[in-house]
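K.L.:
Below is a structure I'd like to ask you about.
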Amino acid sequence: MKSNGQTESTERRLSDLLPQGLAGDARAYQTFLQELSAYLRGFLRRRLRGLPDDVEDLLQETLLALHNQRHTYDAAQPLTAWIHAIAKYKLIDMSRRRALREQLHEPQDDDLEIFSSADLDAAEARHDLGLFLDQLPHQQRLPIVHMKLQGLSVAEAAAACGMPESGVKVGVHRGLKALALLMGAKHED
C-alpha cells in the first residue's frame with residue numbers, strides 16, 4: 001500500500017504530465033499513460049483479487065474511458081480522485097455485466113414440470129442469447145447489453161461503455177447483424 005508521500009508524488013507527477021499531453025506533447029501523454037497504467041493496475045488488482053484475468057481488460061477499458069473523458073477533467077480538482085471515480089465506475093459496470101452474464105447462464109431447476117412451455121422457451125432463449133453475446137467483441141456486446149437489455153439511452157450507453165455515441169450506434173447495428181448470423185447458423189445445425 002502506498003504511503004501518503006508516495007500518493008502525493010504520484011498525484012503531482014500525473015498532474016504535471018496530463019496538461020502537457022493535452023496541450024499536444026505526445027511524449028508527455030505517452031509517459032502519462034504508462035505511469036497511469038502502472039498506478040491503475042495496482043488499484044484494480046486490490047479490488048479484483050479473485051479475478052486476476054480481468055485486471056488487464058478492465059485496465060484497458062478504464063484507460064479508454066479516461067482518454068475519451070479527458071475533456072471533463074477539472075485541473076482545480078485532484079487528478080487521482082477523477083481517475084478513481086472513472087475506474088470505480090468501470091468496476092461497477094463490469095460487476096453488472098458479470099451479474100447479467102451469470103443470470104443469462106443460470107442453470108434451470110431439475111424439476112421442469114413446474115415450468116410451462118413458454119417459461120422453458122424463454123429460459124432457453126436467455127441462455128442462448130448469453131452464449132451468443134459472449135461471442136461478440138466488446139464494442140458490439142456492451143452497447144447491445146446496455147441499450148437493448150438494460151434499456152439505457154444512447155447517451156447513457158455511451159457513458160457506460162466509454163465510447164462515443166456514434167460508436168454505440170454502430171456497435172448495436174453491427175452486433176445485432178452478427179447475432180442474427182450466429183442465430184441463423186445455430187438453426188441450420
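Here, each number is a calculation from the coordinates, and none is a lab measurement. Because the structure is a prediction, the values reported are computed rather than measured. Cβ atoms come from the backbone with ideal geometry, glycine included; neighbour counts cover every protein chain shown.
K.L.:
Please arrange His146, His84, His71 by counting, for each residue, the other beta carbons lying within 10 Å of its beta carbon, fewest first.
P.N.:
Least to most surrounded, the residues fall as His71, His84, His146.
K.L.:
For the stretch 40-78 and the stretch 130-189, compute the distance between their C-alpha centroids and round to whole Å.
P.N.:
Taking the Cα centre of the stretch 130-189 as reference, the centre of the stretch 40-78 is 23 Å away.
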